[in-house]
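Notes follow the structure.
The values are calculated or read from the model by the stated rules, or taken from the named source; none is laboratory data. Given the structure is predicted, the values throughout are model-derived calculations rather than measurements. All Cβ positions, glycine included, derive from the backbone under ideal geometry; neighbour counts span all protein chains shown. Each accessible area value is taken on the protein alone, full model and side chains, heavy atoms only, with ligands, DNA and RNA left out. Shrake-Rupley method; radii C 1.70, N 1.55, O 1.52, S 1.80 Å.
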Amino acid sequence: MERFLSILRRYWGYPSFRGIQEDIIKSIAAGHDTLGLMPTGGGKSITFQVPAMAMEGVCIVVTPLIALMKDQVDNLCKRGIQAAALHVGQPRSEMLRLLDNCILGHTKFLYVSPERLETSLFLNKISRIKVCLLTVDEAHCISQWGYDFRPPYLRIAELRKHLPGVPVLALTATATPAVATDIERRLRHPDIDENATDFGFHRFSMSFARHNLRYVVRPTTDAVGEIDHILRSVAGSAIIYTRSRKGTQELTAKLVALGHEAIYYHAGLTPLDKDMRQRMWLEDDYRIMVATNAFGMGIDKPDVRLVVHTDLPDCIEAYFQEAGRAGRDGKTAYAVCLSQSNDRKRLATRITQTYPEPKFIRKVYEDLGSFFQLAVGDGLDVTYEFNIARFCQNFKAYPTLVVGALQILTQAGYINYREEDTARSRVLFLTQRDKLYSLNGLAPLTEKIISAILRTTTGIFSEYATIYENDIAEQVGTTPQEVYTTLKELNRSHILDYVPRKNMPFITFTRRRVETNQLILPPTILEDRRKQATERADAMLHYTLDKRQCHSQYLLAYFGETQSEPCGHCDVCLSFKKHRHTDTLEKKMLELLQKTGPVCPEKLRVPNYDAAAHRAAIRSLMGEERIALKDGKFYLKECAMNE
């Protein structure tokens, strides 16, 4: 382990490993397939980055989070470690360059989105790359029983056939015991049968307990008023999750009107706007981020003191991950879930929308053929931009139901629907290089931006080149918004053609179009998953309704930790403490009355208890008819001490 410790200290500056990091690293070093179950903030990246640095070859990291990819690549490059990211939205030429760098040994870590695993280009190149480790982040995405199943993850099993002898490290922060076993089954070595009882993985797990996190469930009929009260009671940075994009804007406006510093975030914003809002929140320009669940993955802000859910998430897994973004610095933080009387109905509606009836799914498939003018027998590997608003208008369908149908068709293998596919910004210079320098009247910032683009791109006068506004802004010492505004002005002046990056849903037909009556929807894709979703929703609902079990114990038991102790500081535990406190006081009051006989209220006092506790105890004892008030004195009713 001394070699690994030396790498840890040299590149990351940590004196030692923590938790199960050392166990995982030893397992990988011995060549074992390994599964690591680690909570958010548990130091997952160290478990593959350190051992990979001690091995010869490239470490491939599969992750669905493009924002996390870029963050990890930037962090590694700042440490002098060669890293790159391969994801949807990059042109073929860039893919080729990145993969060739891996073949030549110029890259140590290659982050890959799961969709890229499906391309023949990637599979053709991978056999020529010396791979030392295959890491699967967010590994629960490979399980059909997981809450966030992503069909492209199933391609990893195919990838293993191209990487004989390469160990796999699977990492996740949200896997039940059943999902953990399913991960191992799906990522097993090609020589192991899927019906085996042992899939060859060494499994290591950390406790998911977050001792600094205070879980609170707050029933309410006035969400805005409750949130306002909570924000004024808890200082520090906050995330407030709400269900809809429109809801983020409306809640933000109401909080701003109440005097709070809030900004909103959702998947419908432009990538540049997302980056700007995320940065302003990270840098504490705004205290509160009001967001859909599109926000948070890959965001490392350790001092979040409060996470509030205004709507119940669909499952415990999602709630645990989102709530876990609070208090990553180890200091006290709060995870508050607001519950309302219609929660059960709202969860049931979401399940219906996510898993529509087979008749509706078949209709959507048939309508897609008409929408794209795609004949039966055509369409294999053809990709289309998908304007869902126009589709729903043409075929008189609700967007939420259509999205549910598209996701089922994706899981069934007929299409690949990518809801928010980010196309990177592109630039093509329309003015030739020699004429650029003779342009008059360009602002100094404009000249700097043009120079930065020319320094970092090639062939930009003959073909479009991908650019990153954030990188350009950093080079010239300005903001991404200023870069965007400048490029738009250059576009209007016909100096260059600027195509800003955008979010656009895409549909790829992964099979030739079939007749609608030949569409097969297996029970594992629809009925079984609907049943699983219902069970997960019931568990989420039970979490908010259970007033007897410690919230932390409930969450840990869900993930298989059944021997945990009550946390002592969630609202359930505090309620029990209060009751025990009151019970002791009531007993002492009864003993006092038994000893002294009837006394006036001023005399019915027990040392070390405040006035509020005395009032609560008296109300309780009178309500239970154990004491009574007569002629200005409290007296003990018969048999009170024997109950």
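Worth a mention:
- Take every Cα pair under 8 Å whose residues are at least 6 apart in sequence, average their separation, divide by the length of the chain, and the relative contact order is 12 percent.
- On Cα atoms only, tilt of 223-233 relative to the major axis of the chain in degrees: 80
- Theoretical gain in end-to-end length, Ala557 to Thr352 [0.36 nm per residue, Cα-Cα removed]: 71.0 nm
- Rounded to 5, the percent of DSSP beta bridges in the chain classed as antiparallel: 30
- The label point for Thr332 and the one for Thr458, both projected 7 Å from the Cα toward the Cβ, are 5.9 nm apart.
- Summing +1 for each Lys or Arg and -1 for each Asp or Glu among the other residues whose beta-carbon sits under 14 angstrom from that of Ala539 gives -3.
- Whether the range 47-141 is rounded, prolate or oblate, judged on the alpha carbon gyration tensor where a/c under 1.5 counts as rounded: rounded
- Under a 5 Å amide H cut-off, with hydrogens placed 1.01 Å from N, Leu163 pairs with nothing among residues at least 5 apart or on other chains.
- C-alpha long axis of helix 245-257 to longest principal axis of the chain, angle in °: 60
- Principal-axis tilt of helix 399-411 within the chain, Cα atoms, nearest 10 degrees: 70
- Sparse packing (at most 15 other Cβ atoms within 10 Å of the Cβ) combined with a DSSP loop state is found for the following trypsin sites (Lys or Arg not before Pro) in the range 388-455: Lys396.
- Long-range amide H partners of Tyr334 with built H, under 5 Å: Arg214, Leu306, Val307
- Contact order relative to length of the range 184-283, as percent, for alpha carbon pairs under 8 angstrom and 6 or more apart: 15
- In the range 180-213, chymotrypsin sites (Phe, Trp or Tyr not before Pro) in a DSSP loop with at most 16 other beta-carbon atoms within 10 Å: none
- Added length on full extension, which subtracts the Cα-Cα distance from 0.36 nm per residue, Asp285 to Asp273: 2.8 nm
- Taking each residue as 0.36 nm, the span from Tyr384 to Asp497 lengthens on full extension beyond its C-alpha to C-alpha distance by 38.4 nm.
- Alpha carbon centroid spacing (whole Å) that separates the range 58-96 from the range 427-442: 32
- Across the range 203-218, coupling constants 3J(HN,Hα) worked out from phi with the 6.51/-1.76/1.60 Karplus curve, θ = phi - 60°, read 9, 10, 9, 9, 5, 7, 5, 10, 5, 8, 9, 9, 8, 9, 10, 10 Hz, and Gly and Pro carry x.
- In order along the range 554-560, the phi-based Karplus estimate (6.51 cos²θ - 1.76 cosθ + 1.60, θ = phi - 60°) of 3J(HN,Hα) comes to 4, 5, 5, 4, 4, 8, x Hz; Gly and Pro are listed as x.
- Surface accessible to a 1.4 Å probe, per residue, for the residues of the chain, Å²: 47
- Spin-label model distance (nm) - Leu519 vs Met55, 7 Å beyond Cα toward Cβ: 4.2
- Taking 23 Å as the limit for the C-alpha separation, the pairs Lys44/Lys331; Lys588/Lys630; Lys78/Lys301; Lys44/Lys274; Lys70/Lys301 exceed it in the case of Lys44/Lys274.
- Within the accessible surface of the chain, defined with a 1.4 Å probe on protein heavy atoms only, the carbon and sulfur portion equals 49 percent.
- 3J(HN,Hα) along the range 485-490: 4, 5, 5, 5, 5, 5 Hz, from the Karplus curve 6.51 cos²θ - 1.76 cosθ + 1.60 with θ = phi - 60°, whole Hz, x for Gly and Pro.
- Remark: spin-label model distance Ser244-Gln144 equals 3.3 nm, labels positioned 7 Å along the Cα→Cβ axis.
- For mean projected area of the Cα convex hull in nm², the candidate list reads [x] 37.6; [y] 28.4; [z] 30.6; the entry that matches the value derived from this model is [x].
- Average Cα contact separation per residue, the range 412-522, under 8 Å, 6 or more apart, as relative contact order %: 50
- Test item: Cα-centred dipole of the chain, Lys/Arg +1 and Asp/Glu -1 on Cβ, debye: 580
- Amide proton proximity set for Ile240, modelled H, under 5 Å, gap of 5+: Met289, Val290, Ala291, Val308
- Neighbourhood net charge (15 Å Cβ-Cβ; Lys/Arg +1, Asp/Glu -1) for Arg513: -1
- Value of [θ]222 nm, deg cm²/dmol, for the chain, DSSP H segments ≥ 4, -39500 (n - 2.57) each, nearest 500: -12500 deg cm²/dmol
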